[in-house]
Amino acid sequence: MQRRTALIGATVLLAGLGLTACSGGGGGGGGDALTAKGPITIWYSNNESEVEWGKATVASWNADHPDEQVKGQEIPAGKSSEEVIGAAITAGNAPCLVYNTAPSAVGQFQKQGGLVDLSSFDDGPAYIEDRSGDLAEQYQDADGKYYQMPWKSNPVMIFYNKDLFTQAGLDAENPELSTYDDFLATSKTLVDAGVSDYAIHPAPTSEFFQSQFDFMPLYAAETGGTGLIEDGKATFADGAGEDVAGFWRDLYDQGLAGQEQYTGDSFADGEAAMSIVGPWAVNVYEDVNWGAVPVPTKDGTDADETYTFSDAKNVGMYTACENQGTAWEFLKYSTSEDSDRALLETTGQMPIRTDLASTYSDYFDANPSYALFGDQAARTIEVPSGPNTVAELQAFRDAWSKSVIFGEGDVGSSLKDAASEIDELAAQG
């Protein structure tokens, strides 16, 4: 990411030089480091459940590896984890592994020379592809290399408040939300009944990542799994993109979605009757009588064929690591079938692995609230790859904010203009 945090200190002055000096791309692990064994440091998210999983995984490994001890710690505080990681790359003191690496930042970290190419390990591509199946391809760079380990996803779906639906006279067990027309009609009923201020209230703010929770899930669903950029070209300035954008513009034009930022949690507070969220929401909304359905499509799509956005976080190995041999072995250990079970049971987040639903069928049988997400995890799309991902997503968000959220200008023309800008950015990668 391009922003910098005050916690970076003096490294801010060196950031431009660091980026220029390292612009040749990520490392292959390089020489002795690739096979070196010894102690390593890892960072994991400061989310309470992930800290619990991280500590347990590290303790289990350390008990059997006295000469390859792992020191685990929460990622340092900062304006964003991406900025903290970027600063650590620049300063040359990044840990061996970060279990909080956003796919949108991978291209920039690679450009900085901060990431190890996991394909450099003899069993690297085979391990990643055996674990993650066809989904792994989305996490390759333009040359087919893996600078990130696909790790866990939070496939987003529509959460709806059953109590508010019932108060509005709607069927709370089988809500009519699968088509755009049905979704709009249901939304109007909710607002007209006065049970909530809005039917749905995704963040209307301008941050590059916000379109991952309004446009991208629905575009993935409408197209059967198409991302924003494919083969170096923007895809969304097409009929499907216009249909999705038109649907959202209708919601805003009719006052069914909020144009102002809500400072609390609109779904938890009942300010909105629906929200687009991932499985993390199961625990967060314990006090809400909720249901979940896939995101809508223009004419309706069966749940078992509907795609969505992954909201994934992956694992990066960083070139500052001296003992990359141990880092690779620990990375495999922490993404094994047993470790992934522990991740699922501890955090409720979905490991990115093939046959997830069947591999952990006992878990999903015992935890039916997560079963829909376990099935949905097999059908997700990811953000575009490459060094300009953030700029590309920002170009899209700027166009979306103006033409869809605030209704200025023609939606189709806005998408075409954004696509042209993104094509230029993609060509620079």
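The values are calculated or read from the model by the stated rules, or taken from the named source; none is laboratory data. As the structure is a prediction and not an experimental result, all values here were calculated from the model. Quick reminder, even Gly has a Cβ in these numbers, built from the backbone with ideal geometry, and neighbours come from all protein chains shown.
Could you check, for the stretch 372-379, whether at least one of its residues is in the same structural domain as Pro39 (by TED's automatic domain parsing) and of a type in the set (Phe, Trp, Tyr)?
Yes.
Can you name the condition, by its number, that Glu392 falls short on among (1) buried (at least 24 other Cβ atoms within 10 Å of the Cβ); (2) out of contact with any strand residue (DSSP E or B) (no Cβ under 8 Å at 6 or more places or on another chain)?
(2)
Select from the stretch 82-109 the residues that are touching a Lys or Arg at 6+ places or on another chain (Cβ under 9 Å) and not charged (D, E, K, R) and list them in ascending order. Spell out how you get there, then give the answer.
Residues of the stretch 82-109 that are touching a Lys or Arg at 6+ places or on another chain (Cβ under 9 Å), as a first pass: 82-83, 86-87, 95, 99-103.
If the condition is that a residue be touching a Lys or Arg at 6+ places or on another chain (Cβ under 9 Å) and not charged (D, E, K, R), then Gly86, Ala87, Pro95, Tyr99, Asn100, Thr101, Ala102, Pro103 are the ones that fit.
Enumerate the pairs (first residue in the stretch 295-324 and crowded, with 24+ Cβ neighbours inside 10 Å and aliphatic (A, V, I, L, M); second residue anywhere and modelled with pLDDT of 95 or more and in a strand (DSSP E or B)) with beta-carbon separation below 6 Å, excluding pairs fewer than 6 apart on the same chain, so at least 6 apart or on different chains.
Listed by first residue and then by second, the contacts come to Val295/Ile158; Val295/Thr308; Ala312/Ser153; Met317/Leu97; Met317/Val116.
Of the residues that sit in the stretch 267-280 and are under 21 Å from the mean Cα position of the chain (by Cα) and at pLDDT 95 or above, which one is surrounded by the most Cβ atoms within 10 Å (Cβ to Cβ)? Lay out the reasoning, then the answer.
Initial filter on the stretch 267-280 (under 21 Å from the mean Cα position of the chain (by Cα)): 267, 274-280.
Now drop any that are not at pLDDT 95 or above, which leaves 267, 274-279.
On the way: Phe267: 25, Met274: 30, Ser275: 23, Ile276: 23, Val277: 21, Gly278: 24, Pro279: 27.
Among those residues, the one meeting the criterion is Met274.
Tell me the residue from Leu372, Leu356, Leu425, Leu415 that is within 24 Å of Val106 (Cα to Cα) and either surrounded by 20 or more Cβ atoms within 10 Å (Cβ to Cβ) or not charged (D, E, K, R) (or both), please. Steps first, answer last, please.
Numbers: Leu372 fails: within 24 Å of Val106 (Cα to Cα); Leu356 fails: within 24 Å of Val106 (Cα to Cα); Leu415 fails: within 24 Å of Val106 (Cα to Cα).
Of the residues listed, the single one that is within 24 Å of Val106 (Cα to Cα) and either surrounded by 20 or more Cβ atoms within 10 Å (Cβ to Cβ) or not charged (D, E, K, R) (or both) is Leu425.
Look at the stretch 65-84 and say how many of its residues are without any contact (Cβ under 8 Å) to a residue 40 or more places away in the chain and outside any loop (DSSP other than H, G, I, E, B).
5
State the number of residues belonging to the stretch 85-105 that are assigned to a loop (DSSP other than H, G, I, E, B) and touching a strand residue (DSSP E or B) at 6+ places or on another chain (Cβ under 8 Å). If you could, list the steps in order and put the result at the bottom.
So the first thing to find is which residues in the stretch 85-105 are assigned to a loop (DSSP other than H, G, I, E, B), and the list is 92-96, 102.
Subsequent filtering for residues that are touching a strand residue (DSSP E or B) at 6+ places or on another chain (Cβ under 8 Å) retains 94-96, 102.
So the count comes out to 4.
Give the stretch 326-347 a look and list any residue that's surrounded by 20 or more Cβ atoms within 10 Å (Cβ to Cβ) and either of a type outside the set (A, V, I, L, M, F, W, C) or more than 17 Å from Gly374 (Cα to Cα) (or both), or say none.
Of everything in the stretch 326-347, those that are surrounded by 20 or more Cβ atoms within 10 Å (Cβ to Cβ) and either of a type outside the set (A, V, I, L, M, F, W, C) or more than 17 Å from Gly374 (Cα to Cα) (or both) turn out to be Thr326, Ala327, Trp328, Phe330, Leu331, Ser334, Thr335, Asp340, Thr347.
Being outside any loop (DSSP other than H, G, I, E, B), over 22 Å from Met350 (Cβ atoms) and touching a helix residue (DSSP H, G or I) at 6+ places or on another chain (Cβ under 8 Å) is true for just one of Gly270, Gly241, Gly255. Which residue is that?
Details: Gly270 fails: outside any loop (DSSP other than H, G, I, E, B); Gly255 fails: outside any loop (DSSP other than H, G, I, E, B).
Every option except Gly241 fails the conditions.
Does the stretch 273-327 hold any residues that are in contact with a helix residue (DSSP H, G or I) (Cβ under 8 Å, 6 or more places away or on another chain), of a type in the set (Asp, Glu) and not in a loop (DSSP other than H, G, I, E, B), and which are they?
Asp304
Hey, which of the helices (runs of 4 or more DSSP H) in the stretch 106-207, taking only ones fully inside, have at least 2 residues that are in the same structural domain as Thr301 (by TED's automatic domain parsing) and surrounded by 23 or more Cβ atoms within 10 Å (Cβ to Cβ)?
Where helices (runs of 4 or more DSSP H) fall fully within the stretch 106-207 and carry at least 2 residues being in the same structural domain as Thr301 (by TED's automatic domain parsing) and surrounded by 23 or more Cβ atoms within 10 Å (Cβ to Cβ), they are 180-192.
Looking at this structure, is Asp417 touching a helix residue (DSSP H, G or I) at 6+ places or on another chain (Cβ under 9 Å) and at positive phi? Full working, then the answer.
Working: touching a helix residue (DSSP H, G or I) at 6+ places or on another chain (Cβ under 9 Å): yes; at positive phi: no.
When the stated conditions are applied, Asp417 does not pass them.
Select from the stretch 344-403 the residues that are among the polar types (S, T, N, Q), under 28 Å from Thr235 (Cβ atoms), part of a helix (DSSP H, G or I) and out of contact with any Lys or Arg (no Cβ under 9 Å at 6 or more places or on another chain) and list them in ascending order.
Hits for the stretch 344-403 are Gln376, Thr389, Gln394, Ser401.
I'm told Trp53 meets every condition in (1) in contact with a Leu (Cβ under 7 Å, 6 or more places away or on another chain); (2) free of Cβ contacts under 8 Å to residues at least 60 places away in the same chain except one. Can you identify the failing condition by its number?
The single condition Trp53 does not satisfy is (2).
Among the listed residues Gly412, Gly348, identify the single one that is of a type outside the set (Asp, Glu), in contact (Cβ under 8 Å) with a residue 12 or more places away in the chain, out of contact with any strand residue (DSSP E or B) (no Cβ under 9 Å at 6 or more places or on another chain) and at positive phi.
On the way: Gly412 fails: at positive phi.
Result of the check over Gly412, Gly348: Gly348.
Out of Tyr139, Tyr180, which single residue is more than 22 Å from the chain's Cα centre (by Cα), touching a residue at least 40 places away in the same chain (Cβ under 8 Å) and under 28 Å from Pro296 (Cβ atoms)?
Working: Tyr139 fails: more than 22 Å from the chain's Cα centre (by Cα).
Answer to the check: Tyr180.
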